[in-house]
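The numbers here are math on the coordinates, done by the rules we state, and not lab data. Note that this is a predicted model, so its numbers are computed, not measured. So basically every Cβ, Gly included, is an ideal-geometry build from the backbone, and we count neighbours across all protein chains shown.
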Amino acid sequence: MSARFDLFANELATRFSKRFAAAALIIDQSTLAKSTRELVNIRASQINGCGFCTDMHTKDATAAGETRLHLVAVWRETTVFTEAERAALALTEEGTRIGDGSPGVTEETWALVRAHYSDDEIAALVCLVGMINAATRMNVIVRNPAGAYEPGMFEAFAN
């Protein structure tokens, strides 16, 4: 499979991507745990069918020592995620499926998020769900293929 359009070779898309990556650095600098950030990124990527983002975030999570990736898609049927992680995954699913005609984030899920995260962490979660959904949609639109990502290869991109 090859991309139908190379976003990385286009000047406008590259300029946009650098600003997008810079915005993501704010989330990376938050107190929201890296493992939670990667679980959110992976779950939204799976839901949206983005191989590129799923590849990138599973490789980054593995490089950071995460070992539960094989259970992210079925997190509701597992015992390996904390209550806080489960709240973040529920928020991710409900926030991602808005376009599927779902009612959005339920009051029950919001209460769980409020119970487990500070205001800054909630802000980071909400922004992260929005960012990963935007990224997955761009990659799916151009059919950016998965498989070539190496952990850390975009670290200098935001600078």
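Within the stretch 89-104, can one find any residue that is in contact with a Leu (Cβ under 8 Å, 6 or more places away or on another chain) and over 18 Å from Asp28 (Cα atoms)?
yes
What are the residues in the stretch 1-29 that are over 15 Å from the mean Cα position of the chain (by Cα) and either among the basic types (Lys, Arg) or buried (at least 18 other Cβ atoms within 10 Å of the Cβ) (or both), if any?
Arg4, Arg15, Ser17, Lys18, Arg19
For the stretch 46-58, indicate whether the set of residues that are surrounded by fewer than 13 Cβ atoms within 10 Å (Cβ to Cβ), closer than 15 Å to Ala135 by Cα, touching a residue at least 12 places away in the same chain (Cβ under 8 Å) and of a type outside the set (D, E, K, R) is non-empty.
Scanning the stretch 46-58, I find at least one residue that is surrounded by fewer than 13 Cβ atoms within 10 Å (Cβ to Cβ), closer than 15 Å to Ala135 by Cα, touching a residue at least 12 places away in the same chain (Cβ under 8 Å) and of a type outside the set (D, E, K, R), so the answer is yes.
Are any residues in the stretch 32-47 more than 11 Å from Leu125 (Cα to Cα) and more than 10 Å from the chain's Cα centre (by Cα), and if so, which ones?
The answer is Lys34, Ser35, Ile47.
Where in the stretch 58-159 are the helices (runs of 4 or more DSSP H), entirely inside, with at least 2 residues that are in contact with a Cys (Cβ under 9 Å, 6 or more places away or on another chain) and under 14 Å from Ser45 (Cα atoms)? Explain how you work it out, then say what you get.
Working: elements: 83-96, 107-116, 119-141.
Here the list reads 119-141.
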